[in-house]
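The values are calculated or read from the model by the stated rules, or taken from the named source; none is laboratory data. Here the structure is a predicted model, which is why all the values come from computation and not from measurement. Using ideal geometry, Cβ is built from the backbone for each residue, glycine included, and neighbour counts are taken over all protein chains shown.
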Amino acid sequence: MLQIDTWKRVLIWAVCALGLWMALPNAFYARVETHNDAVAAIELGNTSAEMQEKASIWPDWMPSSLVNLGLDLRGGAHLLAEVQVQDVYDTRVKAMWPEVRDLLREERATIGTIRLQDSEPGELRVKVSQPENIARAAEVLRGLARPVVSLTAAGQSDLVIGVDGDEVTIKLSDAEKQATDERTVQQALEIIRRRIDEVGTREPTIQRQGADRILIQVPGIGSAAELKDIIGTTAQLTFQPVVGRASSADAAAGPGNEVLPSLDEEGTFYIVEAAPVVTGEELVDAQPSFDQNNRPAVSFRFNPTGARKFGNYTAENIGSPFAIVLDGEVVSAPVIQAHIAGGSGIITGRFSVEESTNLAVLLRAGALPAGLEFLEERTIGPELGQDSIDAGKIACIVAFAAVLVFMVLSYGLFGVFANIALMINVGLIFGLLSMIGGTLTLPGIAGIVLTIGMAVDANVLVFERIREELKTAKGPARAISLGYEKALSAIVDANITTFITAVILFAVGSGPVRGFSITLGLGIMTSVFTAIFVTRLMIVIWFERRRPNTIEV
Amino acid sequence: MRLKLVPSETNWDFFSRPLLWLGISALLILLALGSFGVRGLNYGIDFRGGTTIRTESAETVDVAAYRAALAELGLGDISITEVFDPNFDEDQNVTMVRIQAQDDQESVTAEQIRAVEDALKAVAPDIKFVSVESVGPKVSGELIQTAVIAVLLAIAAVLVYIWLRFEWQFALGAVVALVHDVVLTIGVFSELQIKFDLAIIAALLTIVGYSLNDTVVVFDRVRENLRKYKKKDLKEVLNLSINETLSRTVMTSFTTLLALIALFVLGGDVIRGFVFAMIWGIIVGTYSSVFVASVILLKLGVKRDWSKPDNTAGNQFANIDA
């Protein structure tokens with residue numbers, strides 16, 4: 001009959017109380033947010049009185065997790081970038097030339113003289129003058145291959161050495177390409193994260209998506225273009241020996257060399273060796289500074305290996321120019337005056353102070369291993385987000401009120417019970433969202449409104465069933481308990497099917513759609529809980545107190 | 001006295017003209033498909049790539065001047081629509097500018113957006129760009145694919161679930177009703193040329209869930225009544241079950257519609273299309289659970305000799321073993 005064990009009652013109320021307790025901070029959103037920001041700042045070492053004061057506006061013993069607001073509600077920028085992983089293949093292979101050259105020179109007796117040929121991207125072609133012994137050249141080069149470092153392709157070689165007439169070709173193997181892709185994307189992810197952290201915005205989302213894509217969401221930033229300035233620059237810094245100057249980009253560079261434009265002087269081109277002496281990867285620090293003429297510049301320091309390479313090169317090449325190249329453009333090409341041993345230097349160019357500061361940030365955070373192509377970008381202004389929140393709030397309140405009134409008109413006292421359960425239900429959704437750190441989006445608000453409408457469904461099912469059972473006149477207690485029992489299978493089946501669609505939405509959806517699926521899914525769970533347990537408990541308590549002989553539902 | 005949307009005791013005959021209902025639904029589906037074939041959907045940038053810029057200005061919008069300013073940029077097809085909404089302030093004039101996907105690039109470049117913004121600023125100096133969204137053709141193609149997969153997956157999952165919990169005839173009836181709802185919704189979107197974007201896919205899936213909700217409640221009662229009245233023929237049982245659950249069906253649809261209409265009127269223009277899809281879906285979903293799913297079930301027939309006797313009645317889990 002109508003009995004619920006005491007422990008169950010306690011448990012049900014406890015779950016409701018906990019959910020509402022967790023939801024409470026959201027009612028004081030701005031205040032809790034200030035508190036959270038202040039606490040984060042204090043943890044980072046900023047213990048100023050102002051921060052302490054800000055931290056104290058929300059008591060520490062209260063829960064402080066909030067529902068995250070999605071970009072469409074808060075405003076901000078969203079970018080989907082594709083990492084151009086194939087860029088890396090070419091850089092890797094081209095950088096092997098000095099090593100290949102040295103190895104093959106030792107074999108001059110058998111294979112004769114060697115010559116680097118022009119080749120497709122991602123391939124190195126070397127012509128030998130004695131093709132009859134080309135097998136030997138290939139054999140020597142196979143010695144360069146290393147096993148691929150990855151779990152799936154362990155043991156396979158990283159290079160494919162081929163023979164094509166009188167030329168040997170060197171390419172990355174497929175297994176190595178895969179392993180490289182993986183590393184490249186991971187690295188790009190890490191560097192984007194570092195760059196965004198350097199700029200210091202709140203709660204950015206930086207996620208890998210699929211094989212070679214990265215999703216970046218930064219709330220509060222003015223526009224996606226601004227964000228692209230920070231993360232879109234590769235900031236690949238290299239130091240390359242200068243072979244000569246040219247007046248056009250089409251100048252013949254000769255194998256192993258490339259023609260690069262000058263950054264400042266239009267129409268000036270440099271022919272440089274393609275394999276760099278040192279790269280930006282070996283930088284340990286970069287700071288904005290000024291040169292001796294007081295123009296903005298960036299000073300940098302190499303790590304020990306970089307410093308040694310740079311030192312050796314400058315010692316051997318005093319008097320010849322070398323180029324400082326940033327993302328394929330020559331920033332400057334000074335002549336080496338002396339052996340630079342300390343491993344530090346300065347980059348001068350026609351920078352503004354802002355540019356030199358930016359460049360220092362980029363160099364410090366590290367170069368992106370490969371270029372990024374932006375497939376999707378969205379900027380949502382904060383005003384639009386605020387408008388949406390306001391509209392959503394009003395709509396929620398009106399929807400809520402309409403449903404409440406309608407339920408009381410239809411079911412009287414039982415309707416009141418259902419309404420209390422409905423309020424607890426919405427509280428629980430917010431509590432759960434805060435607990436799991438879920439994100440509320442505009443479609444998410446729609447999900448909540450839909451849940452308000454559908455949450456009464458389980459109650460309606462039960463109440464209608466109780467009405468039916470009352471007709472067969474078994475007494476109110478029996479009718480209530482039968483009503484719950486018989487409605488259960490319909491409630492379970494109906495909600496599981498809806499839940500299945502919520503799960504699928506979550507799995508394949510992204511962004512706002514996923515936000516919607518989260519609120520819908522949570523709403524289904526909480527509405528079933530409140531309908532089956534909370535409303536029933538309220539009805540049972542009421543029934544025990546009043547012991548009515550007849551009830552009207 | 002209680003408010004009742006449906007008399008407490010109904011005995012309406014829903015199956016006097018089963019073919020008429022199926023015919024109406026079939027006709028509607030043909031109309032929807034026809035509209036889809038002729039007019040096509042008004043895809044948002046999520047699905048066909050391009051850029052949308054939402055502008056806001058205190059001055060009244062002169063669409064022709066905007067168009068003239070942008071035509072010089074040579075960005076191909078540009079559509080400019082003024083947005084009206086009761087929530088807007090007096091001096092809040094909003095437009096949506098849509099630029100087609102450019103042939104040779106994945107996403108509109110920052111320079112192009114800047115050029116568009118500058119051109120519009122020349123027309124309306126106080127103009128603000130409250131949102132700018134670009135989607136490249138590569139991503140939009142994939143988004144369509146995932147959307148279609150999502151809808152198919154949802155339908156398949158539901159088919160399997162109902163098949164497990166009921167009988168295959170029920171599953172088939174429910175799925176036909178579902179497809180009916182989805183097709184009619186797509187038909188309305190193509191006929192009214194409402195923007196069809198990712199959020200609408202979410203709405204479609206919700207409709208799938210909701211329509212099922214209704215269908216399952218009716219089917220649950222059919223299952224129960226089939227056991228209870230072993231002598232009655234299927235048509236009577238179906239009719240009885242629909243009548244018994246009618247009050248609930250109408251109540252739930254009505255409360256959900258109440259909530260959604262509030263959102264439709266007050267929720268702002270950004271999600272209006274999304275909410276519209278759901279409102280429409282709930283109306284056709286309610287209709288289809290009675291007039292499509294059940295009629296299909298009637299036509300298919302149901303196996304009546306339930307292998308297990310109903311000896312668990314009265315137990316909490318009486319109906320969860322089917």
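Does B:Ala110 satisfy the criteria of being without any contact (Cβ under 8 Å) to a residue 12 or more places away in the chain, at negative phi and buried (at least 16 other Cβ atoms within 10 Å of the Cβ)?
yes
For the stretch A:117-125, check the following and say yes or no: at least one residue is modelled with pLDDT of 85 or more and among the small types (Gly, Ala, Ser).
no
Find the residue count for the stretch A:364-397, including only residues that are more than 7 Å from every other protein chain (Cβ to nearest Cβ) and either under 25 Å from B:Arg48 (Cα atoms) or under 20 Å from the mean Cα position of the chain (by Cα) (or both).
From the stretch A:364-397, those more than 7 Å from every other protein chain (Cβ to nearest Cβ) are A:364-372, A:382, A:385-386, A:389-390, A:393, A:396-397; that's our starting set.
Then keep just the ones that are either under 25 Å from B:Arg48 (Cα atoms) or under 20 Å from the mean Cα position of the chain (by Cα) (or both); that gives A:365-372, A:385.
The total comes to 9.
Answer with yes or no whether B:Thr249 is at the interface with another protein chain (Cβ under 8 Å from one of its Cβ atoms), within 27 Å of A:Leu422 (Cα to Cα) and modelled with pLDDT under 90. It would help to see each step written out before you state the result.
Working: at the interface with another protein chain (Cβ under 8 Å from one of its Cβ atoms): no; within 27 Å of A:Leu422 (Cα to Cα): yes; modelled with pLDDT under 90: yes.
Spelling it out, it is not the case that B:Thr249 is at the interface with another protein chain (Cβ under 8 Å from one of its Cβ atoms), within 27 Å of A:Leu422 (Cα to Cα) and modelled with pLDDT under 90.
For the stretch B:135-153, enumerate the residues that are modelled with pLDDT of 85 or more, part of a helix (DSSP H, G or I) and at the interface with chain A (Cβ under 7 Å from one of its Cβ atoms).
B:Ile149, B:Leu153, listed by residue number.
Just one of the numbered conditions (1) under 28 Å from A:Ser248 (Cα atoms); (2) at pLDDT 85 or above; (3) in contact with a Gly (Cβ under 8 Å, 6 or more places away or on another chain) is not true of A:Ala274; which one?
(2)
So for the stretch B:124-134 (the condition being within 18 Å of B:Gly50 (Cα to Cα), in a helix (DSSP H, G or I), facing chain A (nearest Cβ under 10 Å) and touching a residue at least 60 places away in the same chain (Cβ under 8 Å)), does at least one residue qualify?
Residues of the stretch B:124-134 within 18 Å of B:Gly50 (Cα to Cα): B:129-134.
When the remaining residues are screened for being in a helix (DSSP H, G or I), the result is none.
Taking every residue of the stretch B:124-134 in turn, none turns out to be within 18 Å of B:Gly50 (Cα to Cα), in a helix (DSSP H, G or I), facing chain A (nearest Cβ under 10 Å) and touching a residue at least 60 places away in the same chain (Cβ under 8 Å).
Restricting the search to the stretch B:52-86, which residues are among the acidic types (Asp, Glu), touching an Asp or Glu at 6+ places or on another chain (Cβ under 9 Å), within 24 Å of A:Ala224 (Cβ to Cβ) and at pLDDT below 85?
Answer for the stretch B:52-86, where residues must be among the acidic types (Asp, Glu), touching an Asp or Glu at 6+ places or on another chain (Cβ under 9 Å), within 24 Å of A:Ala224 (Cβ to Cβ) and at pLDDT below 85: there is none.
Name every residue in the stretch A:72-129 that is of a type in the set (Lys, Arg), touching a helix residue (DSSP H, G or I) at 6+ places or on another chain (Cβ under 8 Å) and either surrounded by fewer than 17 Cβ atoms within 10 Å (Cβ to Cβ) or within 14 Å of chain B (Cβ to nearest Cβ) (or both), in order of residue number. So that I can check it myself, show each step before the final result.
Just the residues of the stretch A:72-129 that are of a type in the set (Lys, Arg), to begin with: A:74, A:92, A:94, A:101, A:105, A:108, A:115, A:125, A:127.
Filter once more, keeping what is touching a helix residue (DSSP H, G or I) at 6+ places or on another chain (Cβ under 8 Å): A:74, A:92.
If the condition is that a residue be of a type in the set (Lys, Arg), touching a helix residue (DSSP H, G or I) at 6+ places or on another chain (Cβ under 8 Å) and either surrounded by fewer than 17 Cβ atoms within 10 Å (Cβ to Cβ) or within 14 Å of chain B (Cβ to nearest Cβ) (or both), then A:Arg74 is the only one that fits.
Quick check on A:Ala286: is it in a loop (DSSP other than H, G, I, E, B) and in contact (Cβ under 8 Å) with a residue 60 or more places away in the chain?
In short, no.
Residues checked against (1) within 7 Å of chain B (Cβ to nearest Cβ); (2) assigned to a loop (DSSP other than H, G, I, E, B):
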site	(1), (2)
A:Glu485	yes, no
A:Val492	yes, no
A:Ile500	yes, no
A:Gly521	no, no
A:Ile524	no, no
A:Val528	no, no
A:Val534	no, no
A:Ile551	no, yes
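Based on what the data block shows, is B:Leu226 without any contact (Cβ under 8 Å) to a residue 60 or more places away in the chain and surrounded by fewer than 22 Cβ atoms within 10 Å (Cβ to Cβ)?
no
Looking only at the stretch B:1-23, count every residue that is free of Cβ contacts under 8 Å to residues at least 60 places away in the same chain and away from chain A (no Cβ under 14 Å) and tell me the total.
Going through the stretch B:1-23 one residue at a time, the tally reaches 5.
Taking the stated definitions as given, is B:Phe219 in contact with a strand residue (DSSP E or B) (Cβ under 6 Å, 6 or more places away or on another chain), part of a helix (DSSP H, G or I) and of a type in the set (A, V, I, L, M, F, W, C)?
On the way: in contact with a strand residue (DSSP E or B) (Cβ under 6 Å, 6 or more places away or on another chain): no; part of a helix (DSSP H, G or I): yes; of a type in the set (A, V, I, L, M, F, W, C): yes.
Criteria not met by B:Phe219.
Please go through the stretch B:265-286 and pick out each residue that is surrounded by fewer than 22 Cβ atoms within 10 Å (Cβ to Cβ) and either under 14 Å from the mean Cα position of the chain (by Cα) or of a type in the set (Val, Ile, Thr) (or both).
Residues satisfying the conditions are B:Val265, B:Arg272, B:Gly273, B:Phe276, B:Ile279, B:Trp280, B:Ile283.
If we keep just the residues of the stretch A:61-71 that are away from chain B (no Cβ under 14 Å) and in contact (Cβ under 8 Å) with a residue 12 or more places away in the chain, which is farthest from A:Ala175 (Cα to Cα)?
A:Met62
Evaluate the stretch A:231-242: report whether one residue or more is surrounded by fewer than 17 Cβ atoms within 10 Å (Cβ to Cβ), at pLDDT 80 or above and not assigned by TED's automatic domain parsing to the domain that holds A:Leu326.
no
How about the stretch A:120-150: which of its residues are free of Cβ contacts under 8 Å to residues at least 12 places away in the same chain and assigned to a helix (DSSP H, G or I)?
A:Glu132, A:Glu139
For residues in the stretch A:453-483 being among the aliphatic types (A, V, I, L, M) and within 10 Å of another protein chain (Cβ to nearest Cβ), which is surrounded by the fewest Cβ atoms within 10 Å (Cβ to Cβ)?
Only one residue fits best here, namely A:Leu482.
Let's see how each residue does on (1) under 27 Å from the mean Cα position of the chain (by Cα); (2) in the same structural domain as B:Arg54 (by TED's automatic domain parsing); (3) crowded, with 20+ Cβ neighbours inside 10 Å:
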{"position": "B:Val83", "(1), (2), (3)": "yes, yes, no"}
{"position": "B:Pro86", "(1), (2), (3)": "yes, yes, no"}
{"position": "B:Asp91", "(1), (2), (3)": "no, yes, no"}
{"position": "B:Val97", "(1), (2), (3)": "yes, yes, yes"}
{"position": "B:Gln100", "(1), (2), (3)": "yes, yes, no"}
{"position": "B:Val116", "(1), (2), (3)": "no, yes, yes"}
{"position": "B:Val123", "(1), (2), (3)": "no, yes, no"}
{"position": "B:Ser131", "(1), (2), (3)": "yes, yes, yes"}
{"position": "B:Gln145", "(1), (2), (3)": "yes, no, no"}
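Kindly check whether there is at least one residue in the stretch A:85-93 that is within 30 Å of A:Ile221 (Cα to Cα) and touching a residue at least 12 places away in the same chain (Cβ under 8 Å).
yes
Looking at B:Leu266, is it facing chain A (nearest Cβ under 7 Å) and farther than 20 Å from B:Gly285 by Cβ?
Yes.
Name the residue that is farthest from A:Lys228 (Cα to Cα), counting only residues in the stretch B:93-121 that are modelled with pLDDT of 85 or more and polar (S, T, N, Q).
Of everything passing the filter in the stretch B:93-121, B:Asn93 is farthest from A:Lys228 (Cα to Cα).
Within the stretch A:304-328, which residues are surrounded by 14 or more Cβ atoms within 10 Å (Cβ to Cβ), of a type outside the set (A, V, I, L, M, F, W, C), within 28 Å of A:Asp87 (Cα to Cα) and at pLDDT 85 or above?
Passing the criteria: A:Gly306, A:Arg308, A:Lys309, A:Tyr313, A:Pro321.
Among the residues of the stretch A:398-415, how many are facing another protein chain (nearest Cβ under 8 Å), crowded, with 24+ Cβ neighbours inside 10 Å, more than 40 Å from the chain's Cα centre (by Cα) and not hydroxyl-bearing (Ser, Thr, Tyr)?
1
Kindly list the number of the only condition in (1) closer than 25 Å to A:Tyr484 by Cα; (2) free of Cβ contacts under 8 Å to residues at least 60 places away in the same chain that fails for A:Phe417.
(2)
Confirm whether A:Leu450 is touching a residue at least 12 places away in the same chain (Cβ under 8 Å), surrounded by fewer than 21 Cβ atoms within 10 Å (Cβ to Cβ), of a type in the set (A, V, I, L, M) and part of a helix (DSSP H, G or I).
no
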